[in-house]
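Scroll down for the structure; my scribbles are underneath it.
Read-outs: derived from the displayed coordinates by stated rules, not from any lab. Predicted, not measured: the structure shown is a model, and the values here were computed from it. Cβ coordinates were reconstructed from backbone atoms using ideal geometry, including for glycine residues, and neighbour counts include every protein chain displayed.
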């Protein structure tokens with residue numbers, strides 16, 4: 001292997017290691033939300049364990065189900081509503097959940113397919129980006 005090839009390989013390996021780390025703690029822009037969130041199932045981490053899936057459909061609908069978590073004992077386990085983007089924030093409003101109140105979230109990348117959300121009321125949590133729906 002020539003010294004140029006070795007230098008090129010070292011550069012590629014460095015980029016492969018550093019690029020994902022550099023992306024961590026990066027705030028999602030409106031275009032990144034459209035590209036990486038919309039059309040996907042997002043799994044919200046819940047405090048008592050497990051994940052809560054939300055589907056951000058390309059047609060502007062968002063829906064979710066808490067049946068796997070047993071939420072039917074405490075609240076309506078399924079609901080749907082609409083999503084929209086306001087600036088660089090993802091907003092949503094469900095029919096029943098949260099009394100139908102609209103809410104917006106700042107999304108911050110914490111790793112590959114991982115994010116932190118900050119709701120407009122200051123609440124925070126984590127989630128992972130799943131497959132396309």
Show me the ranking of peptides 38-44, 82-88 by mean Cβ neighbours inside 10 Å, starting with the highest. 38-44, 82-88
Semi-axes of the range 26-132's equivalent ellipsoid from the Cα gyration tensor, sqrt of 5 times each eigenvalue, largest first, rounded to whole Å? 20, 16, 13
